[in-house]
Amino acid sequence: MQSFRTILLILMSFIYLISAANPQEQASTADPSLESKLDQLMTSVYCHCGCVRETIKHCVCGVAQQIETDFRNRLIGGGTVEQIRTDYLARWGTQFSALMPAKGFNIVAYAMPAVIIVLLGVIVFLVLRSKRSASLTTASASTEPERSASTDQYEQIEEELERYKQQR
């Protein structure tokens, strides 16, 4: 039993030393908004390493890890997400921006999904309306008798009705 306590005490001391040795992890776990800002920053720019075109969050190279550390330190130092992103893009170029700015022709790319959805909705509405009116027309034609009888036919029906009455 004594050896179990000794092992447990050693493990707890080891865990405490590891957590005390890395102050950046303490700061990030203490401030969840820092992690969300860092995540927002890391998903908004591409890594400039040249291996693959991935955001810093998804790139696995050492350059991406250095950039993440730099971003974290700058956020801890009081930098804003927009300021850090602007500095990064100013240094490496706008081709490393993972966000499409809403300027110029890019506005069309933002608006097209909404326009396409509205057009598809209108087309579906018109097709369903035409099918419904067509089915109502055929249904009403098959259930209602034809009312446009000529006067000759009307007189013939009246004569047959009179003959029927007299036979009874």
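The values are calculated or read from the model by the stated rules, or taken from the named source; none is laboratory data. These numbers come from a predicted model, not from an experiment. Heads up, the Cβs are rebuilt from the backbone with ideal geometry, glycines too, and the neighbour counts pull from every protein chain shown.
So, residue 21, is that one small (Gly, Ala, Ser), surrounded by 10 or more Cβ atoms within 10 Å (Cβ to Cβ) and either at pLDDT below 85 or touching a Cys at 6+ places or on another chain (Cβ under 9 Å) (or both) or not?
For residue 21, the condition - small (Gly, Ala, Ser), surrounded by 10 or more Cβ atoms within 10 Å (Cβ to Cβ) and either at pLDDT below 85 or touching a Cys at 6+ places or on another chain (Cβ under 9 Å) (or both) - is not met.
Condition (residue is in contact with a strand residue (DSSP E or B) (Cβ under 7 Å, 6 or more places away or on another chain), within 25 Å of residue 34 (Cα to Cα) and part of a helix (DSSP H, G or I)) applied to the range 52-63: is it met by at least one residue?
No: the range 52-63 contains no residue that is in contact with a strand residue (DSSP E or B) (Cβ under 7 Å, 6 or more places away or on another chain), within 25 Å of residue 34 (Cα to Cα) and part of a helix (DSSP H, G or I).
Just for the range 72-91: of the residues that are aliphatic (A, V, I, L, M) and touching a residue at least 12 places away in the same chain (Cβ under 8 Å), which one is surrounded by the most Cβ atoms within 10 Å (Cβ to Cβ)?
My answer is 75.
Say we look at the range 92-116 and pick out the residues that are at pLDDT 90 or above and exposed (fewer than 10 other Cβ atoms within 10 Å of the Cβ); which of these is farthest from residue 57 (Cα to Cα)?
Here the residue is 114.
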